[in-house]
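Colleague: My questions all concern the structure below.
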Amino acid sequence: MSHQPEISRRSVLGLAAAAGVAGLALPGTAQAAVRAARQRVVVIGGGVAGVSTAWLLDGQHDVVLLESGPELGGHARSLDVTIDGRHIAVDAGAQYFGPKSHPTYWKLLTQVLHVPTVPAPMNLTVSKRGVERPVLVSPDSNRVWPLFDPLYWGALVSMAVFTDRGKQILAGNDRTTSAVDFINSLAVAQWVRDDLLFPLCGAMFGFSVPQVKEMSAFSVLAFVIRGLGDGFLAPYDYHNATDGLRAVVAALSTGLTTVTSHVNAAATGLSRQGAEYHVTDSAGRTHVADHVVFAAPPYATGPLAGQLAGTSGLVATHQRFRYVPARVAIHADPAYMPVNRQDWSGFNVLTDGPYCEPSMWYGAFRDVSVFKSWVSHRAALPANTIATYDYLHALETPDLAPAQSALAGYQGGERLWFAGAHTVDVASQDSALLSAIAIAKQIAPASANLARITA
Ligand SMILES: Cc1cc2nc3c(=O)[nH]c(=O)nc-3n(C[C@H](O)[C@H](O)[C@H](O)COP(=O)(O)OP(=O)(O)OC[C@H]3O[C@@H](n4cnc5c(N)ncnc54)[C@H](O)[C@@H]3O)c2cc1C
């Protein structure tokens with residue numbers, strides 16, 4: 001019986017590196033051992049979750065990253081806009097993050113990648129269509145006058161009640177209470193619920209009032225409360241990437257050594273052949289993998305995973321994540337802003353029957369009058385529309401946390417992994433990154449980039 005000497009991972013990698021430098025072919029045994037140490041991973045989906053996964057696995061495994069769209073980034077996509085000679089990169093999808101609401105992502109940008117960021121302190125105006133005077137103009141350290149207007153006192157006291165009780169939901173990790181039950185339980189007037197709280201919460205996601213009522217209170221409050229600044233009158237502590245979130249994607253995906261990225265390459269086929277997976281893409285390539293990381297949204301992952309035998313439970317789990325269509329417009333005219341200029345905020349909600357879509361004004365923090373508005377239900381597009389984008393936006397009900405737990409039960413089984421903002425906490429850039437970190441801890445614990453972000 002022949003005896004095969006045990007080859008340590010370190011010696012194999014050293015041998016592989018030496019052979020690569022010398023242009024040598026490794027003997028079969030060593031090749032097999034190299035593969036045992038250094039595995040082939042196909043990552044499906046090039047949003048922040050997928051690109052972060054590739055960044056974390058770089059140098060540890062041979063990674064193929066497949067993105068169906070024409071560029072990496074997914075919801076992190078930026079548009080160049082020039083108005084009155086001023087240039088700005090507008091984030092057409094995800095945009096806001098902050099040290100309290102997105103702590104790990106904040107660390108990635110500010111301490112690891114050194115991506116320039118700019119404060120985007122968010123103040124709020126909530127108005128009703130056809131009514132000149134807003135329901136609420138939020139005061140902050142740069143805008144104190146609403147504090148002295150008695151007509152806003154009822155709304156301001158109600159916001160304090162909402163915030164105080166909301167903090168309890170977040171602190172208690174209560175993911176079962178619905179938004180409608182939470183808001184109806186507050187000791188506030190009915191007009192506050194109808195004209196302020198439901199529209200404001202719906203607008204945070206571009207949802208209608210009936211849709212936001214279905215959400216979990218936790219998911220709503222995570223965005224409305226986690227980003228609050230410290231102290232009375234501190235505005236929301238949100239930030240933007242100065243050059244758009246595409247700068248984050250570029251920083252993560254540039255200079256990788258063992259990652260091959262393909263855009264315009266949707267994963268279309270998945271099969272298992274012995275211990276290997278074969279992933280085919282829309283360009284006709286087949287990629288062989290030891291591990292498959294799904295970093296596409298659940299409505300894409302479910303059908304793909306369903307091509308494998310014995311995955312009916314996995315497919316059913318993916319069907320529990322809900323999404324609704326949303327259209328966003330980038331425009332240069334203040335089509336949806338409050339009537340009076342002094343009432344304009346960074347985040348402006350206009351209630352129109354059951355709809356309460358937001359319009360975000362870059363001029364509040366970047367001195368460029370560009371607007372980003374949800375237009376799924378508006379009567380007409382703004383006159384000066386620069387671009388529109390269509391999304392499916394996560395509608396996070398009280399079933400989200402149980403669905404995430406169910407999905408966690410499949411994590412790593414048969415070397416299939418599930419990343420994405422939907423898999424952890426509430427949908428955000430932070431969750432997308434955290435989902436990638438969790439996988440890297442399992443399959444690339446020695447990753448240098450993992451060490452940088454977890455240090
Ligand atoms: C309009 C909008 C605004 C948002 N604003 C914010 C915000 O301000 N702050 C925040 O933190 N979060 C925001 N979010 C949440 C956002 O979803 C997350 O922050 C995060 O960007 C999601 O990253 P992801 O990688 O999980 O998913 P995605 O960004 O959806 O990426 C998934 C990728 O998979 C690709 N894909 C799908 N199917 C396949 C396939 N078969 N093969 C290959 N690729 C495939 C898709 O093209 C996509 O690029 C917003 C979401 C939306 C829709």
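Colleague: What are the ³J(HN,Hα) values, in whole Hz, obtained from phi via the Karplus relation 6.51 cos²θ - 1.76 cosθ + 1.60 with θ = phi - 60°, for each residue of the stretch 198-204 in sequence order, with x given for Gly and Pro?
Modeller: Rounded to whole hertz, the list is 5, x, 4, 5, x, 5, 4.
Colleague: Given H placed 1.01 Å from N in the peptide plane, which residues other than close sequence neighbours of residue 357 have an amide H under 5 Å from its amide H?
Modeller: 350, 352
Colleague: So what's Rg/Rh here for the chain, counting alpha carbon atoms and using the Kirkwood radius for Rh? Display every interim value, and only then the final one.
Modeller: Numbers: Rg = 24.2 Å, Rh = 23.6 Å.
Here the Rg-to-Rh quotient is 1.02.
Colleague: Just going by the charge dipole of the chain, with Lys and Arg at +1 and Asp and Glu at -1 on Cβ, which of 409, 388, 69 is farthest out on the positive end?
Modeller: Sorting the options by dipole projection puts first 409.
Colleague: Related question: Which order do the peptides 378-388, 442-452, 245-255 take when ranked by the mean count of other beta-carbon atoms within 10 Å per residue, highest first? Display every interim value, and only then the final one.
Modeller: Working: 378-388: 13.9, 442-452: 15.7, 245-255: 20.0.
Final packing ranking: 245-255, 442-452, 378-388.
Colleague: Then there is this: Helix 28-37 sits at what angle to the longest principal axis of the chain, using alpha carbons and giving 0 to 90 degrees rounded to 10?
Modeller: It is inclined by approximately 20 degrees.
Colleague: Work out the length of the dipole vector of the stretch 328-403 about its Cα centre, built from +1 on the beta-carbon of each Lys and Arg and -1 on the beta-carbon of each Asp and Glu, and round it to the nearest 20 debye.
Modeller: Working: 4 positive and 8 negative charges, 50 e Å.
Dipole size: approximately 240 debye.
Colleague: Starting from 0.36 nm per residue, how many nanometres of slack lie between residue 388 and residue 164 once their C-alpha separation is accounted for? It would help to have the intermediate numbers written out before the result.
Modeller: On the way: separation 224, 0.36 × 224 = 80.64 nm, distance 3.69 nm.
Net length gain for the segment: 77.0 nm.
Colleague: Sort 239, 262, 422 so the one with the fewest other Cβ atoms within 10 Å of its own Cβ comes first.
Modeller: Starting with the residue having the fewest Cβ neighbours, the order is 262, 239, 422.
Colleague: Then there's this: Along the positive direction of the dipole of the chain (beta-carbon charges: Lys, Arg +1; Asp, Glu -1; about the Cα centre), which of 135, 192, 421 reaches farthest?
Modeller: About the Cα centre, the residue reaching furthest to the positive side is 421.
Colleague: Treating the angle as unsigned and between 0 and 90°, give the value, to the nearest 10°, between the Cα long axis of helix 153-171 and the longest Cα principal axis of the chain.
Modeller: So the helix axis and the longest Cα principal axis differ by about 20 degrees.
Colleague: Using modelled backbone amide H atoms (1.01 Å from N, in-plane), which distant-in-sequence or interchain residues come within less than 5 Å of residue 78's amide H?
Modeller: Those lying under 5 Å, H to H, from residue 78 are 92, 246.
Colleague: Then there's this: Starting from the Cα of residue 128, draw a straight line to each of the lysines and keep only those under 26 Å, dropping any in the same chain fewer than 8 residues away.
Modeller: Within the straight-line limit of under 26 Å, residue 128 reaches these lysines: 213, 372.
Colleague: Along the positive direction of the dipole of the stretch 210-354 (beta-carbon charges: Lys, Arg +1; Asp, Glu -1; about the Cα centre), which of 223, 287, 245 reaches farthest?
Modeller: Going by the Cα projections, it comes out as 287.
Each value in this text was obtained by applying a stated rule to the coordinates, not by laboratory testing. Because the structure is a prediction, the values reported are computed rather than measured. Backbone-built Cβ (ideal geometry, glycine too); neighbour counts: all protein chains shown.
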